[in-house]
Protein chains: 2
Amino acid sequence: MSTDLYDVVHRRRDVRGQFTGAPIPAEVLDRVLGAAHAAPSVGLSQPWDFVLVRDPGLRGAFHDHVRQERDTFAATLDGAAAGTFARIKIDGVLESTLSVVVTYDAGRGGPAVLGRHAIADAGLYSVCLAIQNLWLAATAEGLGVGWVSFYREPFVRDLLGIPDGIRPVAWLCLGPVTHLEAVPDLERHGWRSRIPLVEALHHDRW
Amino acid sequence: MSTDLYDVVHRRRDVRGQFTGAPIPAEVLDRVLGAAHAAPSVGLSQPWDFVLVRDPGLRGAFHDHVRQERDTFAATLDGAAAGTFARIKIDGVLESTLSVVVTYDAGRGGPAVLGRHAIADAGLYSVCLAIQNLWLAATAEGLGVGWVSFYREPFVRDLLGIPDGIRPVAWLCLGPVTHLEAVPDLERHGWRSRIPLVEALHHDRW
């Protein structure tokens with residue numbers, strides 16, 4: 001398995017259906033979380049926390065909530081899109097080895113966070129940079145990551161006892177996989193195709 | 001120069017003072033932007049755009065704005081923090097080879113973006129994942145990246161003609177550097193120290 005950055009970046013996938021549930025060696029998990037924790041952060045605030053959720057009861061309760069939110073989204077779709085969506089698996093919460101819930105603490109490093117006075121969301125951005133480091137490190141280790149976003153933040157806060165003022169940003173399923181698909185699930189299932197880079201490029205002005 | 005993922009993750013720095021201004025070969029820039037564009041995104045929406053800003057007039061105008069915002073932030077600090085902050089360089093806009101402004105288009109892939117109905121910010125998160133891919137790829141190529149966040153979003157929108165509804169998320173300085181520091185600038189200058197990973201870990205519940 002290559003750990004070359006570009007190989008990892010292009011091999012990485014958002015995994016739903018390929019988790020095996022096999023254990024993750026402790027030193028591998030340490031490296032993956034260490035990569036997340038090495039991310040850049042506004043004002044060196046490191047405003048992230050990681051809740052490692054292994055408890056089957058907690059994961060089961062979350063999975064039930066995700067199913068309800070799936071139904072909520074499905075009800076907004078017209079016929080063709082609804083048919084496509086019905087074929088798409090949206091989470092691997094029960095099959096993956098564990099979940100990593102990543103949160104944002106806006107109070108950390110405060111009150112004057114260097115670089116955040118003009119852009120309140122800059123701390124939230126930092127948390128996402130940590131998530132991408134985690135995702136790439138997991139890929140380099142032969143693990144899969146699936147970001148589940150069919151949930152309401154207050155539900156996750158209540159479920160895990162996350163304090164007021166701390167915001168859940170991501171629920172990530174993590175663990176060994178049988179393989180990574182070459183093409184993203186949503187493209188394979190005809191939900192949406194990737195656009196070429198050139199369509200997203202501008203020079204000097206928009 | 002190693003392109004091993006972990007080496008890149010831990011070598012990466014937020015660069016302010018080490019830019020040389022040397023040109024970036026076109027194929028290198030293509031690889032770096034290609035890595036950004038390979039990031040995961042909610043509903044495969046790929047809601048990012050990249051504005052490559054080389055024009056000295058535009059960069060000069062942005063730099064002047066950053067200096068004003070620096071003064072605004074400095075005025076909020078008490079004596080000791082103000083003294084520390086006075087020694088910290090906060091941008092390399094003029095010295096770096098070019099700037100990459102990364103934006104978020106909430107309308108892309110809509111109206112029903114799979115995975116965003118419950119979490120409006122999920123699209124914004126995707127843009128940040130692309131930024132971290134860009135940052136790591138640049139590091140692997142021997143380039144530096146400096147994320148400047150001392151600006152007001154409306155100023156950048158007006159300066160670059162970014163349409164209504166498109167949000168500027170990051171102003172990144174990019175280019176060859178003399179070296180990357182082993183310790184983050186803010187830690188070297190005594191602004192703030194990194195916390196150990198163990199302080200950010202929780203098991204099952206917070």
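The values are calculated or read from the model by the stated rules, or taken from the named source; none is laboratory data. All values reported here derive from a predicted model rather than from experimental measurement. Cβ sites come from the backbone with ideal geometry, for glycine too, and all protein chains shown count toward neighbours. These area figures cover heavy atoms from the full protein model, side chains too; ligands, DNA and RNA do not enter into them. Shrake-Rupley method; radii C 1.70, N 1.55, O 1.52, S 1.80 Å.
From A:35, A:39, A:82, which residue is in a helix (DSSP H, G or I), of a type outside the set (D, E, K, R), out of contact with any Cys (no Cβ under 7 Å at 6 or more places or on another chain) and surrounded by 17 or more Cβ atoms within 10 Å (Cβ to Cβ)? Even if it seems obvious, please write down each step before you answer.
Working: A:39 fails: in a helix (DSSP H, G or I); A:82 fails: surrounded by 17 or more Cβ atoms within 10 Å (Cβ to Cβ).
Being in a helix (DSSP H, G or I), of a type outside the set (D, E, K, R), out of contact with any Cys (no Cβ under 7 Å at 6 or more places or on another chain) and surrounded by 17 or more Cβ atoms within 10 Å (Cβ to Cβ) holds for just one of A:35, A:39, A:82, which is A:35.
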- [ ] Could you tell me which numbered condition residue A:130 fails, if it satisfies all but one of (1) in contact with a Ser or Thr (Cβ under 8 Å, 6 or more places away or on another chain); (2) touching a residue at least 60 places away in the same chain (Cβ under 8 Å); (3) open to solvent by 10 Å² or more (accessible area, probe 1.4 Å)?
- [x] (3)
Open item on the list: When you scan region A:113-127, do you find a residue that is of a type in the set (Lys, Arg) and under 28 Å from residue B:168 (Cβ atoms), even just one?
Closed with: yes
Open item on the list: What are the pairs with Cβ atoms under 7 angstrom where one residue, in region B:50-61, is more than 7 Å from chain A (Cβ to nearest Cβ) and under 24 Å from residue B:129 (Cα atoms) and the other, located anywhere, is open to solvent by less than 50 Å² (accessible area, probe 1.4 Å) and of a type outside the set (Val, Ile, Thr)? Sequence gap at least six, or different chains.
Closed with: none
TODO: Identify all residues within region B:91-116 that are modelled with pLDDT under 95 and surrounded by fewer than 20 Cβ atoms within 10 Å (Cβ to Cβ); write none if there are none.
DONE: B:110, B:111, B:112
TODO: Report yes if some residue within region A:197-204 is open to solvent by less than 50 Å² (accessible area, probe 1.4 Å) and more than 7 Å from every other protein chain (Cβ to nearest Cβ); otherwise report no.
DONE: no
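Search region A:152-174 for residues being of a type in the set (A, V, I, L, M) and within 10 Å of another protein chain (Cβ to nearest Cβ), and hand back the single one that is nearest to the chain's Cα centre (by Cα).
Keep residues of region A:152-174 that are of a type in the set (A, V, I, L, M), which gives A:156, A:159-160, A:162, A:166, A:169-170, A:172, A:174.
Retained after the next criterion (residues that are within 10 Å of another protein chain (Cβ to nearest Cβ)): A:159-160, A:162, A:166, A:169-170.
Numbers: A:159: 18, A:160: 17, A:162: 18, A:166: 17, A:169: 8, A:170: 5 Å.
That would be A:170.
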Open item on the list: Taking the conditions exactly as written (farther than 30 Å from residue B:90 by Cα and among the small types (Gly, Ala, Ser)), does residue A:34 satisfy them or not?
Closed with: no
- [ ] Look at residue B:124 and say whether it is over 22 Å from residue B:177 (Cβ atoms) and in contact with a Pro (Cβ under 6 Å, 6 or more places away or on another chain).
- [x] no
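Test residue A:188 against the stated conditions and say whether it is open to solvent by 50 Å² or more (accessible area, probe 1.4 Å) and within 9 Å of chain B (Cβ to nearest Cβ). Steps first, please.
Details: open to solvent by 50 Å² or more (accessible area, probe 1.4 Å): yes; within 9 Å of chain B (Cβ to nearest Cβ): no.
It is false that residue A:188 is open to solvent by 50 Å² or more (accessible area, probe 1.4 Å) and within 9 Å of chain B (Cβ to nearest Cβ).
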